[in-house]
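Visitor: Below you will find the structure I want to go over with you.
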Amino acid sequence: DAKTTQPPSMDCAEGRAANLPCNHSTISGNEYVYWYRQIHSQGPQYIIHGLKNNETNEMASLIITEDRKSSTLILPHATLRDTAVYYCIVRLRLFMNSGGYQKVTFGTGTKLQVIP
Amino acid sequence: NAGVMQNPRHLVRRRGQEARLRCSPMKGHSHVYWYRQLPEEGLKFMVYLQKENIIDESGMPKERFSAEFPKEGPSILRIQQVVRGDSAAYFCASSVYGSIDNEQFFGPGTRLTVL
């Protein structure tokens, strides 16, 4: 699986957009970019994923560069409840006898602190 | 539809005892994944199971750790003869299929403390 690099921490003012960068320069053509977050003492929560095109859902937007070597997760209007560790992950599809499956390795992520 | 359930949420064991962690996947999910999170670290993959089958256990320690997902009942992660280094949060996730396009839904975790 490709390795990702994220800043260890970031601050964001409440109500402003939070832009969380991720570098994945060794990503291969069949690897997707996924974002999860982990609020303190809870299990990780899926946010969004993409392959080549930019994606948007009710939680966030994902911007992937044309060369796919980096991406940015955007929380358009950060709230205090968005304070969490955000993980950027790239996934290699592995083919086993039972079919493809996802094996996920989380790094240390970015600790986002939303400030009132 | 209830989410992924794990119990107990907190487990305290003395060195040498056994720890049994249970995970009930979301309804309709037949794929279960276990992860371990040491303090101040990210989650590390341990094992991937489908009903009655271990598909990938490449992240499991070679000794003392085992996992199962029986036809009926929850998935169990079993740690025998626990040591202090086993103290961590253990998360279970489930998905509908094992394909790349199905995100995993995580449970709240079991925090194991070994005294």
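Visitor: Which residues, counting only those in the stretch A:31-59, are under 18 Å from residue B:105 (Cα atoms) and part of a loop (DSSP other than H, G, I, E, B)? So that I can check it myself, show each step before the final result.
Guide: Kept after step one, since they are under 18 Å from residue B:105 (Cα atoms), are these residues of the stretch A:31-59: A:32-50, A:57-59.
Residues satisfying the conditions are A:39, A:40, A:41, A:42, A:43, A:44, A:57, A:58, A:59.
Visitor: Go through the stretch A:64-84 and give me each residue that's within 12 Å of residue A:17 (Cα to Cα) and among the acidic types (Asp, Glu).
Guide: A:82, the sole residue that qualifies.
Visitor: Can you name every residue in the stretch B:3-56 that is more than 8 Å from chain A (Cβ to nearest Cβ), of a type in the set (Val, Ile, Thr) and open to solvent by 20 Å² or more (accessible area, probe 1.4 Å)?
Guide: B:12, B:54
Visitor: From A:20, A:62, grab the single residue that is buried (at least 19 other Cβ atoms within 10 Å of the Cβ), touching a Gly at 6+ places or on another chain (Cβ under 6 Å), in a strand (DSSP E or B) and modelled with pLDDT of 95 or more. I'd like the intermediate steps shown before the answer.
Guide: On the way: A:20 fails: touching a Gly at 6+ places or on another chain (Cβ under 6 Å).
Matching residue, one of A:20, A:62: A:62.
Visitor: Tell me, which residue of the stretch A:23-39 that is within 11 Å of another protein chain (Cβ to nearest Cβ) and either over 11 Å from the mean Cα position of the chain (by Cα) or polar (S, T, N, Q) (or both) is most open to solvent (accessible area, probe 1.4 Å)?
Guide: A:30
Visitor: While we're on this one: Testing residue A:68 on (1) out of contact with any strand residue (DSSP E or B) (no Cβ under 7 Å at 6 or more places or on another chain); (2) more than 24 Å from residue B:38 (Cβ to Cβ); (3) at pLDDT below 90, one condition comes back false. Which one is that?
Guide: Looking at each condition in turn, residue A:68 falls short on (3).
Visitor: Next question, about the same structure. Does residue A:42 count as closer than 25 Å to residue B:41 by Cβ, at pLDDT 95 or above and over 14 Å from the mean Cα position of the chain (by Cα)? Step through it out loud before you land on a result.
Guide: Working: closer than 25 Å to residue B:41 by Cβ: yes; at pLDDT 95 or above: no; over 14 Å from the mean Cα position of the chain (by Cα): yes.
Criteria not met by residue A:42.
Visitor: So which pairs qualify, if the first residue must be in the stretch A:14-29 and farther than 15 Å from residue A:47 by Cβ, the second must be among the β-branched types (Val, Ile, Thr) and modelled with pLDDT under 95, the Cβ gap must be under 8 Å, and the two must be at least 6 apart or on different chains?
Guide: Partner pairs satisfying both residue conditions: A:23/A:4; A:23/A:5; A:24/A:4; A:24/A:5; A:24/A:33; A:24/A:90; A:27/A:33; A:27/A:90.
Visitor: Report whether or not residue A:81 is basic (Lys, Arg), over 10 Å from the mean Cα position of the chain (by Cα) and within 14 Å of chain B (Cβ to nearest Cβ). Explain how you work it out, then say what you get.
Guide: Working: basic (Lys, Arg): yes; over 10 Å from the mean Cα position of the chain (by Cα): yes; within 14 Å of chain B (Cβ to nearest Cβ): no.
Considered against the rule, which asks whether it is basic (Lys, Arg), over 10 Å from the mean Cα position of the chain (by Cα) and within 14 Å of chain B (Cβ to nearest Cβ), residue A:81 comes out as no.
Visitor: For residue B:25, are the conditions met, namely being in contact (Cβ under 8 Å) with a residue 40 or more places away in the chain, more than 30 Å from residue A:9 (Cβ to Cβ) and in contact with a His (Cβ under 8 Å, 6 or more places away or on another chain)? Give the steps one after another, and end with the answer.
Guide: On the way: in contact (Cβ under 8 Å) with a residue 40 or more places away in the chain: yes; more than 30 Å from residue A:9 (Cβ to Cβ): yes; in contact with a His (Cβ under 8 Å, 6 or more places away or on another chain): yes.
When the stated conditions are applied, residue B:25 passes them.
The values are calculated or read from the model by the stated rules, or taken from the named source; none is laboratory data. What you see is a predicted model; the values in this text were computed from it and never measured. Cβ sites come from the backbone with ideal geometry, for glycine too, and all protein chains shown count toward neighbours. Ligands, DNA and RNA are stripped out before the accessible areas are found, and what is left, the full protein with its side chains, is counted by its heavy atoms. Shrake-Rupley method; radii C 1.70, N 1.55, O 1.52, S 1.80 Å.
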